[in-house]
1. Using a 10 Å cut-off on Cβ to Cβ distances, tally the other chain neighbours for every residue of A:37-50 and report the average as a whole number.
2. How much net charge surrounds A:Gly228 when only other residues with a Cβ under 10 Å from its Cβ are counted (Lys, Arg +1; Asp, Glu -1)?
3. Using Stokes-Einstein with the Kirkwood hydrodynamic radius over Cα pairs, what translational diffusion coefficient do you get for region B:189-276 at 4 °C and a viscosity of 1.567 mPa s, in µm²/s rounded to a whole number?
4. As a quick test, which of the pairs A:Lys127/A:Lys221; A:Lys108/B:Lys366; A:Lys18/B:Lys390; A:Lys221/B:Lys366 have an alpha carbon distance above 31 angstrom in this structure?
5. Take A:Glu15 and B:Glu59, extend 7 Å from each Cα along the Cα→Cβ direction, and tell me the distance between the two endpoints in nm.
6. How much of A:Met159 can a 1.4 Å solvent probe reach, expressed as accessible area in Å² and rounded to 10?
7. Once label points are set 7 Å from the Cα along Cα→Cβ at both A:Glu26 and B:Asp405, what is their separation, rounded to one decimal in nm?
8. Just the ratio, please: alpha-carbon radius of gyration of chain A over 2.2 N^0.38 Å, N its number of residues.
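The values are calculated or read from the model by the stated rules, or taken from the named source; none is laboratory data. No experiment lies behind these values; they were computed from the predicted model shown. As a convention, Cβ positions derive from the backbone with ideal geometry for all residues, glycine included, and neighbour counts pool all protein chains shown. SASA here: full protein model, heavy atoms, side chains in, ligands and nucleic acids out. Shrake-Rupley method; radii C 1.70, N 1.55, O 1.52, S 1.80 Å.
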Amino acid sequence: MLTIKNLHAAVDGKEILKGLDLQVPEGEVHAVMGPNGSGKSTLAHVLAGRPGYSITAGTVLFKGRDLLALSPEERAREGVFLGFQYPVEIPGVNNVYLLKAAVNAARKHRGLPEVDAFEFLTLVREKMRLMRMDESMLSRGVNEGFSGGEKKRNEILQMLVLEPALALLDETDSGLDIDALKVVANGVNTLRAPNRSMVLVTHYQRLLEHIVPDRVHVLVKGRIVRSGDRTLAHELERRGYDWLLGEAA
Amino acid sequence: MSAALLTRLQEEYGAVHAALPESVTAAKRRREAIETLCAQGLPATREENWRYTNLRVLERARFSPVEDPAGTLPVLPEPLEGFARYVFLDGQLRSSAAAPRGVTVCSLRSQGAAGAGWEFGAQLPEARLALLNEAFATDAIAIEVPADAEPCGIELVFVAATAAQQGASYPRVRLALQSGARLSVVERHIGLADSASLVNSAVRVELAANAHLTHYRLQHCGARAVWFDTLAAQLAAEAHYELLAVSTGALTARSSVHARLAGAGAQFTLSAAALGEGAQSQDMYALSEHLAVRTRTAETFRGIASGRSRVAFNGKIAVRQSARGTDSRQSLRGLLDGPEAEIDLRPQLEIYTDEVRCSHGATAGKLDENMLFYLLSRGLAPEVAEHLLKWAFLEDVIARIGLADLRRQIERGLAGQLSEAATLQELL
C-alpha cells in the first residue's frame, strides 16, 4: 500500500526527515511513535501534500504510484486521508456541505455519479451515532466552536464517511479523555479492513491499547530507528525514548 | 470637481426642468437643490469620505433623467411570498401590486403630491448626491405604514435599462413607519446585463417610536453600470432599523448611509457585504449618529476584492453629548484575492460623552492557508475550496438574512459570482 524509501524533507531550510524508510502493507495498521520533534507530524503532512515542505530526496509509492507527484486534492481523491492533530475551524462552511463535497469529489474522480442526498444523510447519521456525535453538529460550521474532543471525533467521522484506502492519523489521541478515546478508537477499528491501511502517529502508548497495531515504528531525529510488533510500544511506555536516541546518530 | 462640470449640470437642468413633474418634487425645491449643489460642489476624490469612489464617471455622464423609459424589462427575480412587488424602469413605476392592508403606497408621478419628509441631510457632504436626485427625479414612491399595522412585506425592483449617455435614472423612495409598525422591504437594483446606466437613488427612512423596519438592499446592476445611492434614516425612541445590504453589481458603486438615532433606545443594525471583481469599485460610507440615551449600533461589513477591484467601507460612529449609555459595535473585515486588489476599511469613532461602550475591529487579509489545505486534504478542487472559503467569509452577513427564500436567491447569485464551479452551487 505505502512504501517510503530514503525520504528527506525540509521546512524553511531545516531538514526534518532524514532518510526515512517505511513500508505499510495492505490491510495493516502501523503505529509511528517517537519523542517530540522527531518528525512524526511532518511525515503525516508530507504524505498528505501540505505546501511548505521541500522533499529533497527519496520516493513514496502509494498503491504503486508516485504519491509525491500528486496534488493534495488528488491524493485525497485517490484515498489518502489525513486526520489532523489540530483540525481548523471554518465558520460558514457547513459540516455536511464539506462531507458531501469531499465524497462527491472522490466519486467524480472514480467516474461515479454524485451521491444520492437522502442515502448520504442516512449514512452520515449512522456514522454520527457510532461516533456519539449530536446531529446538530452537521449544520454547524466545520469544527466551529467544537471542543478538542469533538474536533477529533469529527475527523474520524469524516474518515468513516470517506472510507479511505490509507488513513494517516496524526496524534488523534491527544486531548481526548478516556471515554472519548474509546469512541474514537472504536470508530477507527470499525474501518479496519483487508484492503485498507492505517498509520497512527502518536506520542503515547495508550491509544494502542484500543487500536492494536500490526507493527510499531520508532521515529527519532527524522529516521525510523526501530520497528517491532506491538510489544515495542509497551517497552517504550516502560523505558521512554532515551535508550533509542543514540541509535539515530 | 471642475467648474465646467457644474456649468454643464446647470445647463442640463435648465433644459429639462420645465418638464420635470411637480408632484414628485416641487420646482422650487428642485431649483434650490441645484443651487445648493452648485454652491457646495459635486463630491470629489480629494475629499476624505469620497476618496475611494470613482467619481470621474460623472464627467462623462448625462445628468438629465430618462424621460420616457422605453426599454423592456429583463427577467425579474422569483417573487417572494407575502411581498407586494413594485417594478420601476429607469426610475419610473412600471407595475404595481395591491398594497398590503392598511399600508399606503403612492407613486408621486401619477398620484398625490410630494409632502414633507424628504430631507436627506443636505448639510452633510456625504449626502450631496441626494440633491442631484431631488433636482432630477421623475418619480418617487412614498410608503406609509400606520401605527400598529400587521407586519407586511414590500418589494421594490429598480431596473436600469437606458445607457448613461441618454440619461440617468433617479429612484426615490420614502419609507415611513408610524409607531409600533413593522415592515420588511426588499429593495433591488438590477440592470440589463450590458447597459452602462447611471443610477442615483435616494431613500429616506423614518421610524416612529417602536417601529421596526427590516430593509434588504441588493445592488446587482449590470457590469458597466454606475450606481450612486444616498440613504438617510431617522429613528425615534426604541425604533429598530435593520439594514442588510449586499452589493455585487455595477462597475462603480457608492452608497452613503446616514442613520440618526434620535430617540432613546433606538437601534441600528447594519450588515453589509460587497464583492468586487475585475475593475469594479465598491464603496460604502455609513454614519451612525447617536443623539439619545441608550442607543445602539451594530455594524458588520464583509468585503472581498479580487482582480483589480477595490472594496471600501468607511464606518463612522458619532456619539453626541446627549447620548449617554450608547452601545456600538463595528466588525469590518476584508478579504484580498489577488495582488492587484484593494481593500480599504475605516472604522471611525467620535465620542462626546461618558458612559458609552464602543468597540470596533477592522482586519483585511488573504485566505487562510490552513483552512485551504484542510479543504484540499478532503479532495476539494482548489478553486472550489477558495470559493467555499470566500463564501464562508460572507456568511457573517448572509446568515442574517432572515427571509429564507431571499437568502437562497442571494446565495445562488453569490455562488454564481464567486465561482464558475457548478459544484459549489449544488452544495447550496
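1. Values: counts 0, 0, 0, 0, 0, 0, 0, 0, 2, 0, 0, 3, 3, 6.
Partner Cβ neighbours, averaged per residue: 1.
2. Working: positive: A:Arg215, A:Arg226, A:Arg230; negative: A:Asp229, A:Glu235.
Once all neighbours under 10 Å are counted, the net charge is +1.
3. Details: Rh = 13.6 Å.
Diffusion coefficient, whole number: 95 µm²/s.
4. On the way: A:Lys127/A:Lys221 38 Å; A:Lys108/B:Lys366 29 Å; A:Lys18/B:Lys390 38 Å; A:Lys221/B:Lys366 35 Å.
Too far apart for the 31 Å limit: A:Lys127/A:Lys221; A:Lys18/B:Lys390; A:Lys221/B:Lys366.
5. Result for the modelled spin labels: 6.2 nm.
6. Answer for A:Met159: close to 0 Å² accessible.
7. Rounded to a tenth, the inter-label distance reads 5.5 nm.
8. On the way: Rg = 17.8 Å, N = 249, 2.2 N^0.38 = 17.9 Å.
Here the answer is 0.99, to two decimals.
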